[in-house]
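The values are calculated or read from the model by the stated rules, or taken from the named source; none is laboratory data. In this text the structure is predicted, and so the values were computed from the model without any measurement. Methodologically, a virtual Cβ is constructed for each residue, glycine included, from the backbone with ideal geometry; neighbour enumeration extends over all protein chains shown. Note: areas computed on protein heavy atoms with side chains; ligands, DNA, RNA excluded. Shrake-Rupley method; radii C 1.70, N 1.55, O 1.52, S 1.80 Å.
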Amino acid sequence: MNKNKKTDTSLLTVQQKIWINCSIILRAFWPLILYVVMPALFASIGYMLFHSNMEGGEFFTYGGNFYTALGMIATVFILRKRSKKRGESFCEDATLYIRKDILLKGIGFFAFGIFSAIAVSSLVTLLGLGESGYRQSLSKLLDGPDFLFCAITVGFLSPVLEEIVFRGYMLNTLLRNFKKKTAIAITVIAFMLCHIHPIWMIYAGGMGFLLICLSMIEENILEGIFVHIGFNLPSVVLAFLYQQNPMIKEVLKRAVFQIPLFLLSIIAAFMLAYIYLRKKKLYL
């Protein structure tokens, strides 16, 4: 994925190796720190300047997504400027390339993401975990008055930026300096921890590993971006439907609906994965 040579540490002392490894980890996690800090910074500034009369929870529901979106855009701008300052390319650092056949391929990856998300969502609902943790938090965001900004943030900005941060900058930095298995493990664990709730950490771990494999096969994170947008989009669509008619939520919870939805979605996702692997001459 990244053809730069790994750092030779064979002649270094233990203390030097620890120092170098810590600096590498910090460099790999720097984009993630930006990703976490910048939206919070923009939200804090926005709250102090324009919404100080509101309670914290009210502000987050009312306008949090707008400032989160601004923070995410600022993060990309900073990463791009930093790459340029070092005399390097942002696209090279992030392994993000636009190719001629990406539109047709992107539709397939996008569909795979949607079917995977629906399958997992149906399974979580059938197991009685549908109202817990991560989904409950996401539901509060999507129920807010700034639905448009939340849809843009959850459905587009977050998938794009997370692929740039995790499967782009972080993975590339780690692959240059650690063994492949170590680099993958660190990236997957970091992605899992960002999802907080245990159920969604497991989901994020599996999908994070899948996205790493995809980015390494393609030597490009763009395909993963399409998959990731597909993962997130069903939540946005369902939130919109719930806003239009709250009764839809109760109907969709029923097992008579969720069981066939789960089966159809998992079959469709596996079929798309099989077609892709066969074209790439990769076999499980």
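Within the range 8-21, the residues that satisfy the criterion of being part of a helix (DSSP H, G or I) and either at pLDDT 90 or above or open to solvent by 80 Å² or more (accessible area, probe 1.4 Å) (or both) are Val14, Gln15, Gln16, Ile18, Trp19.
Contact map, the range 84-112: residues that are free of Cβ contacts under 8 Å to residues at least 40 places away in the same chain paired with residues that are open to solvent by 30 Å² or more (accessible area, probe 1.4 Å) and outside any helix (DSSP H, G or I), Cβ distance under 7 Å, separation 6+ or inter-chain. Pairs shown: Cys91/Tyr97.
Counting the residues of the range 43-87 that are at pLDDT below 85, among the small types (Gly, Ala, Ser) and part of a loop (DSSP other than H, G, I, E, B) gives 1. Scanning the range 183-219 for residues that are assigned to a loop (DSSP other than H, G, I, E, B) and at negative phi yields Cys194, His195, His197. Scanning the range 229-248 for residues that are over 13 Å from Ala117 (Cβ atoms) and either hydroxyl-bearing (Ser, Thr, Tyr) or open to solvent by 60 Å² or more (accessible area, probe 1.4 Å) (or both) returns Phe240, Leu241, Tyr242, Gln243, Gln244, Asn245, Pro246, Met247.
Being open to solvent by 10 Å² or more (accessible area, probe 1.4 Å) and acidic (Asp, Glu), is that true of even one residue in the range 157-170? Taking every residue of the range 157-170 in turn, at least one turns out to be open to solvent by 10 Å² or more (accessible area, probe 1.4 Å) and acidic (Asp, Glu). Restricting attention to the range 238-270, the residues that are more than 23 Å from the chain's Cα centre (by Cα) and either part of a helix (DSSP H, G or I) or of a type in the set (A, V, I, L, M, F, W, C) (or both) total 21.
Under the condition of being touching a residue at least 40 places away in the same chain (Cβ under 8 Å) and surrounded by fewer than 16 Cβ atoms within 10 Å (Cβ to Cβ), the residues counted in the range 193-228 number 4.
Is it true that some residue in the range 209-222 is closer than 16 Å to Ser121 by Cα and touching a helix residue (DSSP H, G or I) at 6+ places or on another chain (Cβ under 8 Å)? No, the range 209-222 contains no residue that is closer than 16 Å to Ser121 by Cα and touching a helix residue (DSSP H, G or I) at 6+ places or on another chain (Cβ under 8 Å). Scan Ile275, Ile259, Ile248 and give me the residue that is under 17 Å from Gly108 (Cβ atoms) and not polar (S, T, N, Q). From the options Ile275, Ile259, Ile248, the qualifying one is Ile275.
Residue by residue, here is whether (1) out of contact with any Gly (no Cβ under 6 Å at 6 or more places or on another chain); (2) aliphatic (A, V, I, L, M); (3) under 30 Å from Ile33 (Cβ atoms) holds:
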position: Met192; (1), (2), (3): no, yes, yes
position: Pro198; (1), (2), (3): yes, no, yes
position: Ile212; (1), (2), (3): yes, yes, yes
position: Met216; (1), (2), (3): yes, yes, yes
position: Glu223; (1), (2), (3): yes, no, yes
position: Ser235; (1), (2), (3): yes, no, yes
position: Pro246; (1), (2), (3): yes, no, no
position: Phe262; (1), (2), (3): yes, no, no
position: Leu282; (1), (2), (3): yes, yes, no
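Of all residues in the range 164-192, those being β-branched (Val, Ile, Thr) and free of Cβ contacts under 8 Å to residues at least 40 places away in the same chain number 5. Could you check, for the range 34-42, whether at least one of its residues is over 18 Å from the mean Cα position of the chain (by Cα) and either surrounded by 13 or more Cβ atoms within 10 Å (Cβ to Cβ) or not in a helix (DSSP H, G or I) (or both)? Taking every residue of the range 34-42 in turn, at least one turns out to be over 18 Å from the mean Cα position of the chain (by Cα) and either surrounded by 13 or more Cβ atoms within 10 Å (Cβ to Cβ) or not in a helix (DSSP H, G or I) (or both).
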